[in-house]
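**Student:** Please find one structure pasted underneath; my questions will follow.
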Amino acid sequence: MKLGRYIIDTHVHAQRHAAGKKLKEVGTEETKKAGYQDLSHAMRNLTTYDNSERLLYDMKCYDVDMCILCSAFGMNNEINVQLVEKYPDKFRALCCAKGTADKARAGEIEWTIEAACAELDQLLSTGKFIGIGEGAPGNPLHMQTRKTLNQSERMDQLRKVMDVARKHKVPARVHTGSPGMYPIPYTYWPENWHPYWIHDLATEYPDVTIIFDHGGMQGGNQEDLVDQCVQVASNHDNVYLETGIYWTELYYKALTNPNVGPEKLIWGTDWGASQPVQTRIGTHPQTYVMQVRKDGIVTHQVDVMGWSLKQVARLNISQDDLNLILGGNAMRIYNIEFPLTRMFRKVGQ
Ligand SMILES: [Zn+2]
């Protein structure tokens, strides 16, 4: 049985990396110069390919009506726009400042948040994108510059991203969480580890919708960032939690807070991120998403939609609440049209 009236996966990567060749080069002078020692660094230097055939298969398999396509980690805006144009009833796209990052990486310009935001502004002006993400732009050369941004410096960068979101009346995303396995640096997205910083942005920009990518759970089984994201969402009407790799009990953390509830949750799985789902029988949680370093890189298309929908299916809440989480909230936030009125519970005034 389909789990909701209209199901939108709000966090999807429809592009894949062909990483094998580049990874074989790790340790050579060329890769040292390019600044990468493993897949997490190599990804931004790779060409990506359209992976929509597999995505469309999973959407059909699990009755997912629409996906919001994100560009990140070397994925480009162009393939996502092509997919939106080819399948207008199935896809929408967010934009990322990849052009600025590529030019900085090639040594053609110095990366600045101003240049990245100008690119976002230009992309949003085309009308082909419905928001910014995933995450906010960061310096792609952080491995070489070795400059750790302090809170004040990064917050000023994020304010510039929020200005663009405000201008175009689109949601902005803030990335949270860690997948495990990859040696994730701190300074590319310092806010990743500090959801509480977002109290300031949410207060300064009450008219801009802010979505925590992953709602504090990008992977692993530590719940501290989820707790912090829930708390921030409970304080601000404009802050939402993306929940796709929450296990069932994490949904209840948000649902039992009367200032969060189903109205503030949007489902999004990070499909295409190729993070495996672990089964650890007898432990809690018994299944969760995590890269395990000794297992290496996953080579098959991880079935995260199936896993995530099973977590959602266990929620003992009304179908109308479920419909908000699975699609209704995303339609409201991203202005996605639905052919019938009054099919989703009214939220707000
Ligand atoms: Zn992602």
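**Student:** Can you name the number of the only condition in (1) loosely packed, with under 11 Cβ neighbours inside 10 Å; (2) small (G, A, S); (3) in a helix (DSSP H, G or I) that G348 fails?
**Tutor:** Evaluating G348 over (1) loosely packed, with under 11 Cβ neighbours inside 10 Å; (2) small (G, A, S); (3) in a helix (DSSP H, G or I) leaves (3) as the failure.
**Student:** Give me a count of the residues in region 269-296 that are more than 16 Å from the ligand (Cβ to nearest atom), assigned to a loop (DSSP other than H, G, I, E, B) and touching a helix residue (DSSP H, G or I) at 6+ places or on another chain (Cβ under 9 Å). Don't jump to the end; show me each part of the working.
**Tutor:** Just the residues of region 269-296 that are more than 16 Å from the ligand (Cβ to nearest atom), to begin with: 278-288, 292-296.
Subset that is assigned to a loop (DSSP other than H, G, I, E, B): 280-286, 292, 296.
From what is left, the residues that are touching a helix residue (DSSP H, G or I) at 6+ places or on another chain (Cβ under 9 Å) are 284-285.
Residues flagged as more than 16 Å from the ligand (Cβ to nearest atom), assigned to a loop (DSSP other than H, G, I, E, B) and touching a helix residue (DSSP H, G or I) at 6+ places or on another chain (Cβ under 9 Å) within region 269-296 amount to 2.
**Student:** What's the number of the condition Q82 fails, among (1) assigned to a loop (DSSP other than H, G, I, E, B); (2) within 21 Å of A273 (Cα to Cα); (3) in contact with an Asp or Glu (Cβ under 9 Å, 6 or more places away or on another chain)?
**Tutor:** Of everything listed in (1) assigned to a loop (DSSP other than H, G, I, E, B); (2) within 21 Å of A273 (Cα to Cα); (3) in contact with an Asp or Glu (Cβ under 9 Å, 6 or more places away or on another chain), Q82 misses just condition (1).
**Student:** Can you tell me which of (1) away from the ligand (no atom under 16 Å from the Cβ); (2) over 27 Å from K310 (Cβ atoms); (3) in contact with a Lys or Arg (Cβ under 8 Å, 6 or more places away or on another chain) is the one E191 doesn't meet?
**Tutor:** (1)
**Student:** Restricting to region 241-257, count the residues that are within 11 Å of the chain's Cα centre (by Cα), farther than 14 Å from Q311 by Cα and either modelled with pLDDT under 95 or more than 16 Å from the ligand (Cβ to nearest atom) (or both).
**Tutor:** 0
**Student:** L309 versus (1) farther than 19 Å from A14 by Cβ; (2) among the aliphatic types (A, V, I, L, M); (3) away from the ligand (no atom under 16 Å from the Cβ); (4) within 21 Å of the chain's Cα centre (by Cα): which is the lone unmet condition?
**Tutor:** Of everything listed in (1) farther than 19 Å from A14 by Cβ; (2) among the aliphatic types (A, V, I, L, M); (3) away from the ligand (no atom under 16 Å from the Cβ); (4) within 21 Å of the chain's Cα centre (by Cα), L309 misses just condition (1).
**Student:** Output the number of residues of region 111-149 satisfying the condition of being part of a loop (DSSP other than H, G, I, E, B), exposed (fewer than 15 other Cβ atoms within 10 Å of the Cβ) and modelled with pLDDT of 95 or more. Reasoning before the result, please.
**Tutor:** Applying the first criterion (part of a loop (DSSP other than H, G, I, E, B)) to region 111-149 yields 111-112, 126-131, 133-141, 146-149.
Filter once more, so that each one left must be exposed (fewer than 15 other Cβ atoms within 10 Å of the Cβ): 126-127, 146-148.
Then drop every residue that is not modelled with pLDDT of 95 or more, which leaves 126-127.
Adding up the residues that qualify gives 2.
**Student:** Kindly indicate which of E337, E249 is under 17 Å from M217 (Cα atoms), without any contact (Cβ under 8 Å) to a residue 60 or more places away in the chain and out of contact with any Gly (no Cβ under 8 Å at 6 or more places or on another chain). Outline the logic, then answer.
**Tutor:** Working: E337 fails: under 17 Å from M217 (Cα atoms).
Every option except E249 fails the conditions.
**Student:** Next question. Mind checking which pairs have a first residue in region 77-99 that is over 25 Å from V174 (Cα atoms) and surrounded by fewer than 22 Cβ atoms within 10 Å (Cβ to Cβ) and a second that is among the polar types (S, T, N, Q) and at pLDDT 95 or above, Cβ under 9 Å, 6 or more apart or different chains?
**Tutor:** K86/S52; Y87/S52
**Student:** Mind telling me which of the residues R154, R173 ends up being under 30 Å from I297 (Cα atoms) and of a type in the set (K, R)?
**Tutor:** Working: R154 fails: under 30 Å from I297 (Cα atoms).
Criteria check complete, one pass: R173.
**Student:** Within region 210-230, take every residue that is closer than 23 Å to H13 by Cα and in contact with a Lys or Arg (Cβ under 9 Å, 6 or more places away or on another chain) and give me the one that is nearest to the ligand (Cβ to nearest atom).
**Tutor:** D213
**Student:** Within region 190-218, track down each residue that is on the phi > 0 side of the Ramachandran plot and without any contact (Cβ under 8 Å) to a residue 60 or more places away in the chain.
**Tutor:** To start, the set of residues in region 190-218 that are on the phi > 0 side of the Ramachandran plot comprises 214-216.
Correct list: G215, G216.
**Student:** Before we move on, is V260 without any contact (Cβ under 8 Å) to a residue 40 or more places away in the chain, within 16 Å of the ligand (Cβ to nearest atom) and either surrounded by fewer than 18 Cβ atoms within 10 Å (Cβ to Cβ) or part of a loop (DSSP other than H, G, I, E, B) (or both)?
**Tutor:** Numbers: without any contact (Cβ under 8 Å) to a residue 40 or more places away in the chain: yes; within 16 Å of the ligand (Cβ to nearest atom): no; either surrounded by fewer than 18 Cβ atoms within 10 Å (Cβ to Cβ) or part of a loop (DSSP other than H, G, I, E, B) (or both): yes.
Judged against the criteria, V260 is not a match.
**Student:** Return the residue satisfying two criteria in turn: it lies in region 162-221 and is of a type in the set (A, V, I, L, M) and farther than 23 Å from D121 by Cβ, and of such residues it is surrounded by the most Cβ atoms within 10 Å (Cβ to Cβ).
**Tutor:** Looking only at region 162-221, we keep the residues that are of a type in the set (A, V, I, L, M), and these are 162, 164-165, 170, 172, 174, 181, 184, 198, 201-202, 208, 210-211, 217.
Then keep just the ones that are farther than 23 Å from D121 by Cβ; that gives 181, 184, 217.
Values: M181: 22, I184: 15, M217: 26.
Restricting to residues being of a type in the set (A, V, I, L, M) and farther than 23 Å from D121 by Cβ, the top hit is M217.
**Student:** Further question: Output the residue which, of all residues in region 297-322 that are of a type outside the set (A, V, I, L, M, F, W, C) and assigned to a loop (DSSP other than H, G, I, E, B), is farthest from M343 (Cα to Cα). Lay out the reasoning, then the answer.
**Tutor:** Within region 297-322, the first condition is being of a type outside the set (A, V, I, L, M, F, W, C), and the residues that meet it are 299-301, 303, 306, 308, 310-311, 314, 316, 318-321.
With the extra rule that they be assigned to a loop (DSSP other than H, G, I, E, B), the set shrinks to 299-301, 303, 314, 316, 318.
Details: T299: 40, H300: 37, Q301: 34, D303: 29, R314: 22, N316: 20, S318: 14 Å.
In this case the residue turns out to be T299.
The values are calculated or read from the model by the stated rules, or taken from the named source; none is laboratory data. In this text, all values refer to a predicted model and were calculated from it rather than measured experimentally. Note that we place each Cβ from the backbone using ideal geometry, even for glycine, and neighbour counts take in every protein chain shown.
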